[in-house]
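Everything on this sheet refers to the single structure shown next.
The values are calculated or read from the model by the stated rules, or taken from the named source; none is laboratory data. Please read all numbers here as calculations on a predicted model, not as lab measurements. Cβ sites come from the backbone with ideal geometry, for glycine too, and all protein chains shown count toward neighbours.
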2 protein chains.
Amino acid sequence: MESEHRSGAASARRGTPAHPRRADAERNIAAILAAATSCFARNPNASMTEIAAAAGVGRVTLYGHFSSREALLSELMERALSEVATVLETTGLDEGPADETLRTFIRSSWQLLDRNLRMLHAARRALPAEAVHDHHVGILSAMDRLITRGRQEGVFRDDLPAHWLVSTVYALVQAAGDQVEAGRFTSEEALDALDATLASALRRA
Amino acid sequence: MESEHRSGAASARRGTPAHPRRADAERNIAAILAAATSCFARNPNASMTEIAAAAGVGRVTLYGHFSSREALLSELMERALSEVATVLETTGLDEGPADETLRTFIRSSWQLLDRNLRMLHAARRALPAEAVHDHHVGILSAMDRLITRGRQEGVFRDDLPAHWLVSTVYALVQAAGDQVEAGRFTSEEALDALDATLASALRRA
């Protein structure tokens with residue numbers, strides 16, 4: 001017991017973690033996620049072999065942490081969308097006119113999406129439709145709340161169900177991203193077009 | 001020579017085609033496409049094994065005609081979209097007010113899309129993005145022509161590029177299909193919502 005304590009204290013003094021294996025694993029996971037993010041940003045078809053090489057780890061280590069390309073894309077999608085969810089929370093969904101709040105939210109989350117367009121595209125293709133939906137549940141339900149408030153306040157249309165207006169936002173955000181990926185819009189042009197189109201599609205007549 | 005002729009004439013009299021192998025192949029292809037259409041209509045994840053069984057052919061025959069699940073989905077997508085292209089041509093794209101023509105086109109092609117929602121969903125996931133785009137080129141360029149005419153006539157907005165308005169139509173048609181697939185809309189509700197949303201999204205302010 002005593003020697004164990006002492007060795008623990010010694011390693012703490014040297015700044016070495018008490019669980020070097022776990023620290024290694026965390027470093028590898030961080031390297032894999034960073035490498036995967038940049039591989040998918042260049043090429044949505046990036047393979048596990050390419051990602052392992054870019055992360056500087058072996059395939060066995062890569063598969064030890066992420067059992068498949070799908071598992072890795074799922075983790076990346078989860079991280080990217082939870083950043084968007086954080087933006088949603090800090091946007092103050094329940095404050096200000098709902099249409100202005102939606103615009104602010106779209107503008108501030110666009111930067112995050114823009115950075116991850118190809119990865120999100122790859123994830124939408126690789127993961128089952130239900131898994132993709134599950135990753136979006138937080139964002140979609142916050143959007144539903146904002147749109148419902150806007151309908152009550154008379155700024156958003158109420159001739160169509162709220163779930164459809166949420167789908168409209170989601171579909172047009174994706175379409176704007178696709179136009180950037182295809183090189184037909186710069187990121188700013190896409191955001192302006194999205195903004196103008198959503199304004200007229202959602203506005204009460 | 002004579003005996004060949006005679007045998008040809010005899011088979012013609014019996015109603016047997018001169019190239020029985022080709023006729024067999026055509027029957028098999030027709031059976032495979034019909035079976036694949038109904039398998040994918042039930043389940044977008046349908047496998048080649050299921051499709052071979054439903055078509056009453058062996059896997060070797062199936063793979064002899066379609067080298068992969070992707071090749072089969074590509075053929076089905078091509079056929080479904082060429083039906084839509086035919087509707088586009090018979091809609092008379094250059095006649096009538098452009099916004100009314102677009103509504104007519106959306107309404108008449110919706111029935112075709114509605115029947116093939118799950119297959120198209122499976123094809124969009126299985127095929128490379130460029131292949132999916134190539135299958136849609138005819139429809140998208142006809143839509144571009146109609147939207148460009150509507151802008152010249154002053155019914156569609158011209159503050160945003162035509163290619164974006166085409167993407168908006170395409171994205172919202174897909175979103176409407178997804179709502180039907182998810183059971184949140186009946187086919188008619190989806191079409192009505194699509195119609196109302198496109199009207200306000202495309203209209204000149």
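Residues in region B:40-53 that are assigned to a helix (DSSP H, G or I), modelled with pLDDT under 95 and either surrounded by 17 or more Cβ atoms within 10 Å (Cβ to Cβ) or of a type outside the set (D, E, K, R) (or both): B:Phe40, B:Ala41. Filtering region B:178-187 for residues that are among the basic types (Lys, Arg), in contact with a helix residue (DSSP H, G or I) (Cβ under 8 Å, 6 or more places away or on another chain), surrounded by fewer than 19 Cβ atoms within 10 Å (Cβ to Cβ) and without any contact (Cβ under 8 Å) to a residue 40 or more places away in the chain leaves a non-empty set.
Among residues of region A:105-121 that are under 16 Å from A:Leu88 (Cβ atoms), those with a beta-carbon under 8 Å from a residue that is in a loop (DSSP other than H, G, I, E, B) at least six positions away or on a different chain give the pairs A:Phe105/A:Leu93. Taking (1) under 16 Å from the mean Cα position of the chain (by Cα); (2) surrounded by fewer than 15 Cβ atoms within 10 Å (Cβ to Cβ); (3) farther than 23 Å from B:Glu181 by Cβ in turn, B:Leu88 satisfies each apart from (2). The number of residues in region A:193-205 that are over 17 Å from A:Asp144 (Cα atoms) and either crowded, with 18+ Cβ neighbours inside 10 Å or within 8 Å of another protein chain (Cβ to nearest Cβ) (or both) comes to 6. Scanning region B:156-188 for residues that are within 19 Å of the chain's Cα centre (by Cα), farther than 11 Å from A:Ala171 by Cα and more than 7 Å from chain A (Cβ to nearest Cβ) returns B:Val166, B:Gly177, B:Val180, B:Glu181, B:Ser187.
The number of residues in region B:60-79 that are touching a helix residue (DSSP H, G or I) at 6+ places or on another chain (Cβ under 7 Å) and small (Gly, Ala, Ser) comes to 1.
Return a yes/no flag: does region A:196-203 have any residue that is in contact with a Gly (Cβ under 8 Å, 6 or more places away or on another chain) and under 19 Å from B:Asp192 (Cα atoms). Yes: region A:196-203 contains one or more residues that are in contact with a Gly (Cβ under 8 Å, 6 or more places away or on another chain) and under 19 Å from B:Asp192 (Cα atoms).
Residues of region B:60-77 that are hydrophobic (A, V, I, L, M, F, W, C) and in a loop (DSSP other than H, G, I, E, B): B:Phe66 alone. Does B:Leu127 fit the bill of being assigned by TED's automatic domain parsing to the domain that holds B:Leu202, under 24 Å from B:Leu191 (Cβ atoms) and of a type outside the set (Ser, Thr, Tyr)? It is false that B:Leu127 is assigned by TED's automatic domain parsing to the domain that holds B:Leu202, under 24 Å from B:Leu191 (Cβ atoms) and of a type outside the set (Ser, Thr, Tyr). Those helices (runs of 4 or more DSSP H) of region B:104-204 in which 2 or more residues are closer than 28 Å to A:Glu70 by Cβ occupy B:117-126, B:129-152, B:162-181.
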